[in-house]
Every structure is written in C-alpha cells, then in structure tokens.
Number of protein chains: 2
Amino acid sequence: MLRPAGRRGLAEEAADRIRDAIFGGDFPPGSALREVDLAAQLDVSRGSVREGLAILEREGLVQSEWHRGTKVIDLTARDAEEVYSVRAALEGLAGRAAIGRVDLTALTRLVDTMAGGLADGVPSENLLALDIEFHDTIYQATANRRLIEAWYAVRSQVYLFQLTRIRLGHNEYRAVVVDEHRQMVKLLERGEAHAVTRFAEEHVHSALRALTEQLSP
Amino acid sequence: MLRPAGRRGLAEEAADRIRDAIFGGDFPPGSALREVDLAAQLDVSRGSVREGLAILEREGLVQSEWHRGTKVIDLTARDAEEVYSVRAALEGLAGRAAIGRVDLTALTRLVDTMAGGLADGVPSENLLALDIEFHDTIYQATANRRLIEAWYAVRSQVYLFQLTRIRLGHNEYRAVVVDEHRQMVKLLERGEAHAVTRFAEEHVHSALRALTEQLSP
DNA sequence: GGACGTCCTAATGTCAACATTCAGACATGT
DNA sequence: ACATGTCTGAATGTTGACATTAGGACGTCC
C-alpha cells in the first residue's frame, strides 16, 4: 500500500526552482538562462544546473543549442498549434484509457473546488493549477507510463500557454473551465469511449482557439 | 536551401554508441549500464556518459533510479502495449498532418527498396531500418516539432520491440511489411484524413498483436 | 565603405577528484 | 533460525578547475 519513497537530487531541485521562476515571469519567453548565473543564485554547481536544464528541455520549456546556451521557448501561434495538436491526441487516448479506472469522486471534488474558487473570486492561476491537476489525475489513472511521459513532455508548455491565455484574455477562461470539466466527468462516468475521446480532443482544440485569438492580433 | 550545420558533443556521441550496443544485443533488457565502465570503454569522462545516458532515458531506452544506476528497459507484454498505444495515437495524428506535405515519391522509393530487399533475401534488420525511415519521413513532413519530439520519445523503444518481433517471429514480419506500407502510401495519396488516421492506427495495433503473440507464450 | 582576418571575452563543454548513498556481507543477540 | 545492527565496497552524486567554442570588437587591406 505504500508507494516507493523517492529521494531527489540537486538537479531536480534546480529544475523545480527554474521552472517556477519561468512560470512566475522572471525569465520571459526567449530569454537566456546562463548556467553560471543560475548556479550562483541556487548555490549549486554548474553540473547540477546543467542537468536541471536538461530536465526542463525534456519538458519542452527550454531549448539548448551547442555552445550557444539555453533559452526559454517562444510562445508563437505556431508553437501553440503544435503543442495543442499533440496534446489533443494524448488527451483522447488518456480519456479512453481512463474509463473505469479514474476515481470519479476525486475528479468531482476537483471540479467542485474549481467552482467554489470561481465564485469566491480566486485568481485564475489557482483555477489553472486545479485544471492541470484534473488532467494529471486522468493520466495517472491510465497507469500507462509512456503516456504519462508523453504528457510530461508537453505539460509545462501547456501550463505556460494557459498562463498567457489567462493573463491576456481577461475572463474568457473563467467562463468555461468549470462547465467543460464537469462535462468531462459526466462522459467518463457514462463510459462511452468514442464520446470521451471526441470530447477530450474538442476540449483541447477549443483551448487552442481561445489562445490563438489572443496571440495573433 | 542549406540546413543549419550542427556540431555535436561527446554526450550525443556516447548516446549513439550505447544505443547501437543495446540494439546489437550487447546490453540485453534489464542489464545494468555502469557509468565507470562505459566511460572507460568510450574513453570519455563520466560526466559525458551521464549526459548520454540522460539522452537515452529521454528516448525511453533506459531507466535511471536515484543512486541505483541505470538499466536497459524490460520488454514485457505490458510495456509493448504501453508503447504501441501511444505510438498509435501519434501515427494517427502524423498521418493526418502529413497529407499534402509528405514527399510521396520518396515514400514510394522506400517501399520499393523494401520490396527489392525482401525478394533478395536481405536480413529483416535492414527492412526494419527502412520501415523506421518510412515513418521518420512522415513525421518530418508534418513539420510539427512537438510531434517529432514525441515520436523520438518512443522511436528507440519501437525499434527494440520490432527487433525482438523479427528475431522471435521468423518470417511473420517479412510477410506483411511491404504491403502495409504500400497501402499507407496509397491512402496518403488519396488524402482522406479519416482513412489515413484509421489505417495508421490499425497498422500499429497489428504490429502490437504480432508482438504480444511472441512475448506472452 | 565594405570585406576580410585577428584577437578577446564570456559563455558552454569536458574532465578528474571528492562526497554521498545503496545493497549486500557479516556479526551479534535472542 | 530469525531479526536486527554494523561495516564495507562499489557504484552514483557533486564539485571546481581546465579546455574549447561562438560571436562580437577591432583593425587592416582593397
């Protein structure tokens, strides 16, 4: 009943800090991440920072070039399209595979918390955290390690894109989050694979549409 | 017209050598990859080997645990199911996105080479290399970097699984490769997204079935 | 003024020494 | 015999020094 206890190294720690800093806006898209600076700020060796940056590159949050350093990714409309088209395929598969395995009460609780927060005027960033946790729960339920890996490879990028969606698009996000996720729970409960797949994909595509409207003009 | 010239570091080099060794059977599934040994054999520092192993972990070929070293992945039926279900979703998306962009003559040439090799009694390993190149071509044509990344995250595992399919299953692979890929080209030419998606997914699932028949009994 | 070659600097790439952790062998006590 | 505690060796984790590279600043030549 006990999950294996995991120790962590400085690289994971560094990756966490840098990721949070990127989400927090300390390193805007396109900015350079210098290993020496990061090492000094985090008080770890450059080697550990390097390894941490490799983790973030795996998540697609940053990009490294030979002897040219690593930069935070850009957030162009094309990038959004790439990320969300892959995400749609993954969410479709995940939804299908999660039928009969997800803890529906846990999902409902998450949606209820979102609804409550929405009514109480909680900042959209917090709703987004619940949003992601909702999808994490589904992926975990599939117990498909490769699928979960593939999700992690876009998750941070999704997070970053959704943050800009929130920050640029006023209340558009708040207007749809709760309903869309509650609908997803309902379909998962009904258990029709085809319907779940289609809705999950549509859920992602609608997010993309909302985003591109704010990126291009 | 010129692609940017890419320099490479020792880490990529090390990753290539180790990957080839795994494919070649020098490190069977489950075996340990000791950094000191590898560093000595490759005549590079442990740091570079470490970074190379991180690359292979990104490809899903090996798995590392904190202070417990890295091992080559296992090839259980469950692992095959995980890899191929994700691959099916990706191939479906890739096929759809490649319509109208992929170089159909290049694909045809690949299939023809396969057919010729099949008739000439070329080893199945070579056919497999062409098989993978066929799919690489499709993914590249999509110009979707995230999709290509996701493909790279399963590609080496697919390679390894297909190698065991070849080595255990005598001529089952040779009997279907050419026809399936020629059919794929035909559908890509016709350009109906739904048909391409469905066939690409089925193509992967049939490979999974052939594989599980040889892994479980 | 523009094309070219030469430095110089600031960053990354590589390495070898040191620190830490794990897993098993062994001993001890009950 | 079993459980527990201790030790040890072999591996990984971490670090700081050194090597290499990219790209700009500068000067020269035409």
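Distances between copies of A:Gln41, taken at a point 7 Å out from Cα along the Cα→Cβ vector and listed shortest first: 4.0 nm.
Taking all protein chains as shown and a probe of 1.4 angstrom, A:Ser216 keeps an accessible surface of around 90 Å².
Taking max minus min of the alpha-carbon positions on each principal axis, chain B gives extents of 53, 50, 33 Å, largest first.
Across the identical copies, the 7 Å label point of A:Asp74, projected outward along Cα→Cβ, sits 4.5 nm from its counterparts, in ascending order. As I understand it, the value is the acute angle between the Cα axis of helix B:172-190 and the longest principal axis of the Cα atoms of chain B; what does it come to in degrees, rounded to 10? That works out to roughly 60 degrees.
With Cα atoms defining each centre, the range B:122-192 and the range A:142-168 are spaced 27 Å apart in the structure. Chains A and B together bury roughly 2300 Å² of accessible area, counting both sides, with a 1.4 Å probe on protein heavy atoms only.
Put the Cα centre of the range B:27-65 next to the Cα centre of the range A:13-70 and the gap is 23 Å. Computed with the Debye formula from one identical point scatterer per Cα of the protein assembly as shown, without solvent, the log10 of I(q)/I(0) at q = 0.10, 0.11 Å⁻¹ comes to -0.79, -0.96.
Note on B:Lys186: accessible area is roughly 110 Å² with a 1.4 Å probe, heavy atoms of protein only. Split the accessible area of the range A:10-72 by element, probe 1.4 Å, and carbon with sulfur accounts for 47%. Label separation (A:Trp66 vs A:Ser206): 4.7 nm, computed from points 7 Å beyond Cα along the C-beta direction. In the range A:77-215, taking the dipole from charged Cβ atoms about the Cα centre, the farthest positive-side position among A:Val86, A:Val204, A:Ser156 is held by A:Val86.
Per residue, the protein assembly as shown exposes 51 Å² of solvent-accessible protein surface, assessed with a 1.4 angstrom probe and all protein chains in place. Against the longest alpha carbon principal axis of chain A, how many degrees, from 0 to 90 and to the nearest 10, is the axis of helix A:104-119 turned? In chain A, helix A:104-119 runs at an angle near 80 degrees to the longest axis. By the helix-only formula, in which each DSSP H run with n ≥ 4 contributes -39500 (n - 2.57) and the sum is divided by residues, chain A has a 222 nm mean residue ellipticity of -24500 deg cm²/dmol.
Placing +1 on each Lys and Arg Cβ and -1 on each Asp and Glu Cβ, with no other charges, gives chain B a dipole about its Cα centre of roughly 460 debye. Mind checking which aspartates and glutamates have their C-alpha under 12 Å from A:Lys71, skipping anything on the same chain fewer than 8 residues away? Once the sequence-local aspartates and glutamates are set aside, what remains near A:Lys71 is A:Glu35, A:Glu57.
Comparing each chain alone with all protein chains together (probe 1.4 Å, DNA, RNA and ligands left out), the residues of the range A:133-169 losing at least 20 Å² of accessible area are A:Ala143, A:Asn144, A:Arg145, A:Arg146, A:Gln157. Okay, which of the range A:52-83 sit inside 17 Å, backbone N to the point 7 Å along the Cα-Cβ direction of A:Glu213? Inside the label zone: A:77, A:81.
So which residues of the range A:8-25 lose at least 10 Å² of accessible area, probe 1.4 Å, when you go from the chain by itself to every protein chain present? Residues of the range A:8-25 that lose at least 10 Å² of accessible area once the other chains are added: A:Arg8, A:Gly9. Contact residues in the range B:84-103 by the 30 Å² criterion (accessible area, 1.4 Å probe, full protein complex versus chain alone): B:Ser85, B:Val86, B:Ala89, B:Leu93. Distances between copies of B:Gln183, taken at a point 7 Å out from Cα along the Cα→Cβ vector and listed shortest first: 3.6 nm.
Residue ranking by accessible heavy-atom surface, 1.4 Å probe, largest first, among A:Asp74, B:Asp136 comes out as A:Asp74, B:Asp136.
The values are calculated or read from the model by the stated rules, or taken from the named source; none is laboratory data. Remember, it's a predicted structure, so these values are computed and weren't measured experimentally. Positions of Cβ are backbone-derived with ideal geometry, glycine not excepted, and every protein chain shown enters the neighbour counts. Keep in mind that these areas ignore ligands, DNA and RNA; they rest on the heavy atoms of the full protein, side chains included. Shrake-Rupley method; radii C 1.70, N 1.55, O 1.52, S 1.80 Å.
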